[in-house]
Amino acid sequence: MQVLSATVLSAKLESGFQFEIQRWERGSEQYPTELNDLQIPPSELYAIGSAAVLGKPRVAIVGTRNSTAYGERITRSLTRSLVRAGVTVISGMARGIDAAAHRTALEEGGDTVAVLGTGIDVPYPVGHRELHRAIAQRGLVVSENPPGMTAHQGAFPKRNRIIAALAPVTIVVEAGFRSGALNTASQALELGRTVAAVPGPIDSEQSRGSNQLLRDGAVLIAAADDALTLLGISPPADAEKAIPTLPDTEQRVWDALDAGFAEMDSLPGTTGLSMAECLAAVTSLEILALVECSLAGEIRRR
C-alpha cells in the first residue's frame with residue numbers, strides 16, 4: 001500500500017488562536033488503522049494537536065448532554081483514575097458528560113481526544129470554544145469534515161462511529177433512551193468493541209438508556225478499577241486512598257457504615273434518607289471504590 005504523508009494547513013480561530021490543521025489521508029502513516037474496521041471508513045481525517053495521544057491505551061467516555069450532578073461526578077472520578085493510569089480519554093465535546101470527561105482529563109494533565117461532527121475548526125456547541133482551544137493545544141481534535149463545515153443532519157451519528165472505532169472500550173456514564181451515546185454504544189458493538197455502562201437511579205430519565213444497556217449485557221462499571229481492568233491495566237500502586245468530599249446523601253451513607261458494614265434495608269432508618277436516595281448513594285460510593293456490596297445485601301467500606 002502506498003504510504004502517504006500528512007498535509008498541513010494553517011488557520012486561526014475567532015479567538016485569535018493560530019493553529020495547524022493536519023490532513024491525514026487513509027493509508028497515511030498518521031491515519032488511525034482502527035478506522036479501517038468501519039464499513040465506510042473516512043477517506044481522510046483533519047486533526048489539530050498531537051497524534052501521539054493515540055499511541056496510548058484509549059477509552060471512550062460518552063453520555064447525555066442533559067447530565068445530572070451524579071453523572072458528572074462519576075465521569076470526573078472515572079476520568080481521573082484513567083488518565084492517572086496513562087489512558088487517553090476520547091469523547092465528542094458535547095455538553096454534559098462529554099465535556100466533563102474532556103475537562104477532567106485536561107485538569108489532571110492527561111490526554112484527551114475530541115471527535116467533532118462539524119469542521120475541525122468549528123467548535124460545537126459554540127459555548128465550547130475555549131474547551132476546543134484547550135484540547136487542540138494539549139490533546140487532539142479530529143474530524144472527517146473539512147474546515148468551515150457547520151453542524152448538519154446526520155453529522156453526529158457519523159461522528160459517533162469514529163469515537164466507537166478509535167477506542168477498544170466505550171463507557172456510557174449516563175444516557176436517556178434518545179441519547180446519542182446509545183448510538184455510539186451500538187456502533188461499538190457492531191465493531192466488536194467492548195461496551196460498558198455505569199448504573200444509575202432507576203427513576204432517573206438520564207439513566208434509563210444506560211441501565212437498559214446493562215440489562216442487555218453491557219459490562220457493569222461499579223468502580224473506577226473496573227474500567228482499568230477492561231483495558232488490561234492494573235491500578236497504580238500509589239493510587240490515592242483519601243476520602244473525597246462527598247455530597248450530603250453519600251456522606252450520610254458513608255457515616256452509617258462507620259461500624260464497618262450495614263444492611264441495605266437498614267440504611268433509610270439510620271440515614272434519614274429514602275430507599276431510592278440510599279440506593280443512588282451506594283451506587284455512587286461503589287463507583288468511587290469506597291464501598292462494596294455483598295450478595296447478601298450487606299454494604300461495607302473498602
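Per-structure values
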quantity	calculated
Accessible-area value, residue 56, 1.4 Å probe, nucleic acids and ligands omitted, Å²	90
Nearest 10 degrees, 0 to 90: helix 180-190 Cα axis against the chain principal axis	80
Choice from 181, 276, 223 showing the highest fluctuation, given a GNM over the chain with Cα pairs closer than 10 Å	276
Correct option for Rg and Dmax of the Cα atoms in Å [calculated from the coordinates] among [x] 20.1, 69; [y] 21.0, 65; [z] 18.7, 59	[x]
On Cα atoms only, tilt of 129-138 relative to the major axis of the chain in degrees	80
Dipole of segment 14-92 [Lys/Arg +1, Asp/Glu -1 at C-beta], most positive-end residue of 35, 83, 22	83
Selection from 177, 272, 204 lying farthest towards where the dipole of the chain points positive, charges on Cβ	177
Value at 222 nm in deg cm²/dmol, rounded to 500, when DSSP H runs of n ≥ 4 in the chain each add -39,500 (n - 2.57)	-10000 deg cm²/dmol
Among beta bridges that DSSP assigns inside the chain, antiparallel share in %, nearest 5	50
Top of 163, 171, 221 by mean-square fluctuation, Gaussian network on the chain, Cα under 10 Å	221
C-alpha long axis of helix 275-287 to longest principal axis of the chain, angle in °	50
The chain, relative contact order in percent, only Cα pairs under 8 angstrom and at least six apart counted	15
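The values are calculated or read from the model by the stated rules, or taken from the named source; none is laboratory data. From a predicted model like this one, the values you see are computed outputs, not experimental measurements. Cβ coordinates were reconstructed from backbone atoms using ideal geometry, including for glycine residues, and neighbour counts include every protein chain displayed. Heavy atoms of the whole protein, side chains included, go into the accessibility calculation; ligands, DNA and RNA do not. Shrake-Rupley method; radii C 1.70, N 1.55, O 1.52, S 1.80 Å.
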